[in-house]
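Reading through the structure tokens given below for one structure.
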Amino acid sequence: MNLTLHVWRQASPTDKGRFIAYEARDVSPDMSFLEMMDVLNEGLIEKGEEPIAIDHDCREGICGTCGVVINGSPHGPWPGTATCQLHMREYSDGDEIWIEPWRAKAFPVIRDLVVDRTPLDRIVEAGGFISVRTGSAPDANAIAVSKEAADSAMDAAACIGCGACVAVCPNASAMLFTSAKVAHLNVLPQGQPERFTRVLRMIEQMDDEGFGNCTNHGACQEVCPKEISIDVIALLNRDYIKSVRTGTA
Amino acid sequence: MELQSKVPGGPIQEKWDKHRFEMKLVNPANKRKYDVIVVGTGLAGGAAAASMGELGYQVECFTYHDSARRAHSIAAQGGINAAKNYQNDGDSIWRLFYDTVKGGDFRAREANVYRLAQISLEIIDQCVAQGVPFAREYGGLLANRSFGGAQVSRTFYARGQTGQQLLLGVYQSLARQVAQGSVNLHTQHEMLDLIVVDGVARGIVTRNLVTGEIESHLADAVVLGTGGYSNAFYLSTNAMKCNTTAIWRAYKRGAGFANPCFTQIHPTCIPQHGEYQSKLTLMSESLRNDGRIWVPKEAGDTRPPGDIPDSDRDYYLERMYPAFGNLVPRDLASRRAKDMCDEGRGVGHGGRGVYLDFADAIQRLGRDTVEERYGNLFDMYQRITDENPYEVPMRIYPAPHYTMGGLWVDYNLMSNLPGLHVIGEANFSDHGANRLGASALMQGLADGYFIVPYTIGDYLAGTSFEPLTTDHPEVRRVENEVRSRIDRLLNLDGTRTTESVHRELGRILWNGCGMARNATGLKEALSRIPELREEFWSNGKVVGSGDTYNQNLENAGRIADFLELGELMCVDALEREESCGGHFREEHQTPEGEALRDDENFTHVSVWEYEGVGREPREYREPLEFEHVPPSQRSYA
């Protein structure tokens with residue numbers, strides 16, 4: 001099939017940026033979206049043009065490196081699927097596809113489709129961990145964890161840190177990302193000692209980074225490649241209110 | 001090159017304890033005066049950086065990713081081994097040690113493997129304390145499964161995302177140290193060279209991938225946890241950015257490269273489906289616990305799998321290895337799949353695939369149980385192939401996956417270059433000629449959390465350091481070499497993309513130095529690789545400039561290094577006139593087609609010293625001794 005791609009090109013963070021149209025020819029339905037981009041980019045290099053900057057790595061939907069907005073939807077149309085796992089059988093001959101970077105105040109564009117997501121790392125640095133020194137752990141089976149708690153922690157911990165939740169949110173909030181980390185650690189017995197300081201510090205950092213607040217649109221859970229539910233946001237809010245009221249932290 | 005393994009004396013069970021007591025300690029107040037560079041933020045590098053930061057060293061940590069949570073450790077699916085014996089099925093440190101030495105086909109250092117088995121216990125404790133959500137039983141205790149040929153259930157797992165969860169544990173520990181200021185994290189920085197002053201590793205040269213800036217960083221010790229080099233084959237299960245550059249640069253500065261031909265081909269990957277294919281996707285080996293592998297009995301049987309009755313199917317692993325069946329080690333499972341396809345009995349695109357069938361498991365356990373165990377893998381398979389594995393058997397084929405070879409290290413995980421420590425997949429490691437399933441995560445974390453933080457103290461306390469600044473002539477020289485190499489790459493203005501050169505290198509290596517090797521094929525590869533390298537440097541094409549985010553330039557540099565490494569892999573494979581583990585020389589096999597070792601002549605580690613591009617490297621040997629696990633013909637019948 002042949003497709004028309006409208007790709008966001010932006011040479012640097014300060015460049016204004018614009019859509020440029022490219023023809024993608026002889027695209028096979030078996031290709032992944034990124035393989036289609038590979039072929040396009042190799043063609044550009046052959047012509048001596050600079051390829052489109054697009055970040056990606058594992059191509060198995062787990063590293064969280066990739067992610068672009070495809071026809072208005074972060075990671076494209078398939079539910080529970082990162083950009084790298086989207087395949088071209090989704091499209092038909094003659095389709096036009098608009099490809100843009102994540103857009104959020106906290107995620108400045110580095111180049112073309114690549115943005116700076118280090119603010120998410122700083123949210124984790126603020127408290128998204130359990131303070132345990134290497135070598136100081138008790139026997140692994142000394143702490144029993146109910147299967148329900150372990151399963152719900154795992155559901156939240158599945159977050160790949162891609163930032164799609166921020167990109168889709170009208171407030172560019174990082175609430176789903178932050179809540180997923182809080183929900184992972186705060187339901188586990190090991191996470192209890194720092195439970196309330198964790199939530200306060202992470203929220204404070206989220207605000208400082210310029211992410212917006214959550215106003216319950218729920219778009220984040222629709223585009224999350226790991227289908228993390230906004231239930232985690234309720235859990236964060238519960239712990240946040242408790243910690244503010246009791247003056248923890 | 002001097003190869004002193006530095007294995008401590010005494011009974012094997014006491015070596016590590018004794019060594020920990022004998023190692024020198026750095027006074028707590030002095031630790032912050034030592035700078036340590038860690039390159040890589042996977043399980044090994046991230047764990048080392050976090051643990052050394054906690055101890056009080058000033059750690060400078062580098063990754064080419066945009067975040068310390070992206071390294072390819074994250075993609076490991078199946079699990080992590082530990083000799084906890086929580087299942088009461090007869091596991092022990094000794095058994096894990098024995099299995100690992102045997103599984104590695106008697107080409108690993110016994111003392112290192114024993115230490116790994118010992119430390120496996122602490123790793124699980126550490127990860128649970130960090131909040132890693134391992135699978136649990138209803139009583140709240142940890143669940144285990146049997147994995148990749150082990151006859152005990154010693155594998156801990158977090159659904160099919162164990163690597164992700166372990167790496168997040170590491171990343172969170174690292175984040176805590178970054179917040180405390182003990183670790184200075186440099187994301188988007190790629191190591192492009194090693195600085196060696198007076199024979200001692202003292203720093204690295206990096207390129208800032210966003211600004212293009214070239215910087216020298218100096219320290220008292222350097223730790224490389226930069227992963228494996230399976231991407232030399234172009235198509236592998238590794239992430240797209242995985243490369244050999246860090247260890248290759250160290251090799252070119254004098255570090256010995258051990259057993260480069262020991263590469264692992266993983267049996268259960270989704271087969272290739274087109275020329276444009278950029279990578280292969282692994283399906284966890286845990287699938288072999290419940291899936292049955294088969295091909296049609298007759299070559300050329302093109303019926304859809306559902307129309308082929310049981311009587312016309314060959315469940316060849318169950319037939320050939322009745323005791324282990326579908327759970328034979330990876331190298332055997334891979335080679336037998338290749339045999340079936342070579343006989344014309346392969347299925348799918350190009351006849352390069354075999355079936356992995358869950359029909360019996362679904363009947364026995366119910367669809368819900370199968371979905372609970374493998375749901376995310378089945379979903380991933382369906383997204384890629386557009387086939388539903390609950391209804392149609394999966395098609396799988398072997399793919400390059402892991403490299404047992406790497407930089408040579410002694411018992412302290414230090415290379416022959418003083419100060420240069422190498423951990424995780426980047427070193428030649430504890431897996432010998434073949435790694436068992438669920439052991440890579442174990443080794444990465446053992447090296448990072450529990451070995452190098454101790455041994456580096458011994459090195460630092462026992463070494464006196466001359467003050468060094470970035471205007472030292474040797475530092476300037478290395479930095480200038482990095483700059484001129486980048487200029488040379490940017491000046492490539494031929495007609496051929498570097499990607500296409502990489503694809504060709506991959507085909508050469510896969511055909512000549514892949515699942516099965518022979519002298520003729522290796523010699524052919526050895527004549528073609530230098531030609532291809534010449535083609536790269538004379539007719540390659542790189543666009544853009546050096547002072548911007550330039551992925552074309554990044555890739556070109558990595559490919560240039562693969563073009564040199566590929567040659568070394570073939571040289572090593574040709575020199576090793578035996579078959580062992582993942583290294584299968586067709587000239588050396590038993591009448592049944594199994595790997596035939598030559599213990600008399602090859603019970604050693606081959607360590608190569610760089611002599612210049614295109615020049616035959618020099619081989620050194622570290623003899624291996626087996627006191628506790630006497631070498632035997634591996635038998636899985």
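The values are calculated or read from the model by the stated rules, or taken from the named source; none is laboratory data. From a predicted model like this one, the values you see are computed outputs, not experimental measurements. All Cβ positions, glycine included, derive from the backbone under ideal geometry; neighbour counts span all protein chains shown.
Values as computed for the structure displayed
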| quantity | calculated |
| --- | --- |
| Selection from the range A:46-81 of residues that are of a type in the set (A, V, I, L, M), at the interface with chain B (Cβ under 10 Å from one of its Cβ atoms) and either assigned to a helix (DSSP H, G or I) or under 27 Å from residue A:11 (Cα atoms) (or both) | A:52, A:53, A:54 |
| Yes/no for residue B:287 being crowded, with 20+ Cβ neighbours inside 10 Å, touching a Leu at 6+ places or on another chain (Cβ under 9 Å) and at pLDDT below 90 | no |
| One residue from B:399, B:337 being touching a Pro at 6+ places or on another chain (Cβ under 8 Å), closer than 28 Å to residue A:59 by Cα and surrounded by 15 or more Cβ atoms within 10 Å (Cβ to Cβ) | B:337 |
| Residue match in the range A:88-100 (condition: more than 7 Å from every other protein chain (Cβ to nearest Cβ), under 13 Å from the mean Cα position of the chain (by Cα) and surrounded by 21 or more Cβ atoms within 10 Å (Cβ to Cβ)) | no |
| Residue match in the range B:85-105 (condition: touching an Asp or Glu at 6+ places or on another chain (Cβ under 7 Å) and on the phi > 0 side of the Ramachandran plot) | yes |
| All positions within the range B:485-517 that are assigned to a loop (DSSP other than H, G, I, E, B) and over 25 Å from residue B:237 (Cβ atoms) | B:491, B:492, B:494, B:495 |
| The listed residue being closer than 17 Å to residue B:451 by Cβ and not in a helix (DSSP H, G or I), out of B:51, B:5 | B:5 |
| Hey, residue B:594 surrounded by fewer than 20 Cβ atoms within 10 Å (Cβ to Cβ), in contact with a helix residue (DSSP H, G or I) (Cβ under 8 Å, 6 or more places away or on another chain) and touching a residue at least 24 places away in the same chain (Cβ under 8 Å) or not | yes |
| Residue match in the range B:463-477 (condition: of a type in the set (Ser, Thr, Tyr), without any contact (Cβ under 8 Å) to a residue 40 or more places away in the chain, surrounded by fewer than 20 Cβ atoms within 10 Å (Cβ to Cβ) and more than 19 Å from residue B:36 (Cα to Cα)) | no |
| Positions within the range A:221-249 being in a helix (DSSP H, G or I), at pLDDT 95 or above, surrounded by 15 or more Cβ atoms within 10 Å (Cβ to Cβ) and not aliphatic (A, V, I, L, M), in sequence order | A:221, A:222, A:237, A:239, A:240 |
| Which listed residue, of A:111, A:122, is surrounded by fewer than 20 Cβ atoms within 10 Å (Cβ to Cβ), farther than 25 Å from residue B:86 by Cβ and at pLDDT 95 or above | A:122 |
| Condition met for residue B:172 (more than 23 Å from residue B:103 (Cβ to Cβ), at the interface with chain A (Cβ under 7 Å from one of its Cβ atoms) and in contact with a Gly (Cβ under 8 Å, 6 or more places away or on another chain)) | yes |
| Residue ID - farthest from the other protein chains (Cβ to nearest Cβ), chosen from residues in the range B:117-133 that are farther than 24 Å from residue A:120 by Cα and surrounded by fewer than 24 Cβ atoms within 10 Å (Cβ to Cβ) | B:118 |
| Any hit, the range B:446-456, residues being within 14 Å of another protein chain (Cβ to nearest Cβ), under 14 Å from the mean Cα position of the chain (by Cα) and not aliphatic (A, V, I, L, M) | yes |
| Candidates B:18, B:24 - the one that is without any contact (Cβ under 8 Å) to a residue 60 or more places away in the chain and farther than 22 Å from residue B:225 by Cα | B:18 |
| Subset of the range A:106-137 [part of a loop (DSSP other than H, G, I, E, B) and over 15 Å from the mean Cα position of the chain (by Cα)] | A:112, A:128, A:129, A:130, A:131, A:132, A:133, A:134, A:135, A:136, A:137 |
| Qualifying positions in the range B:50-101 - aliphatic (A, V, I, L, M), more than 29 Å from residue B:190 (Cα to Cα) and at the interface with chain A (Cβ under 10 Å from one of its Cβ atoms) | B:82 |
| Elements of type strands (runs of 3 or more DSSP E) contained in the range B:188-237, each with 2 or more residues being out of contact with any Phe, Trp or Tyr (no Cβ under 7 Å at 6 or more places or on another chain) and closer than 27 Å to residue B:548 by Cα | B:189-197, B:200-208, B:214-218 |
| Filtered residue count, the range B:261-277, keeping only those that are touching a Phe, Trp or Tyr at 6+ places or on another chain (Cβ under 9 Å) and in a loop (DSSP other than H, G, I, E, B) | 4 |
| Filter result (out of contact with any Phe, Trp or Tyr (no Cβ under 9 Å at 6 or more places or on another chain) and of a type in the set (D, E, K, R)) within the range B:576-593 | B:585, B:586, B:587, B:592 |
| Residue ID - farthest from the chain's Cα centre (by Cα), chosen from residues in the range A:7-45 that are of a type in the set (Asp, Glu) and part of a loop (DSSP other than H, G, I, E, B) | A:26 |
| Scope the range B:586-627; condition closer than 21 Å to residue B:530 by Cα and either assigned to a loop (DSSP other than H, G, I, E, B) or polar (S, T, N, Q) (or both); matching residues | B:610, B:611, B:612, B:613, B:614, B:615, B:616, B:617 |
| Pairs, first without any contact (Cβ under 8 Å) to a residue 24 or more places away in the chain in the range A:131-142, second polar (S, T, N, Q), C-beta under 6 Å, six or more apart | A:134/B:51; A:137/B:126 |
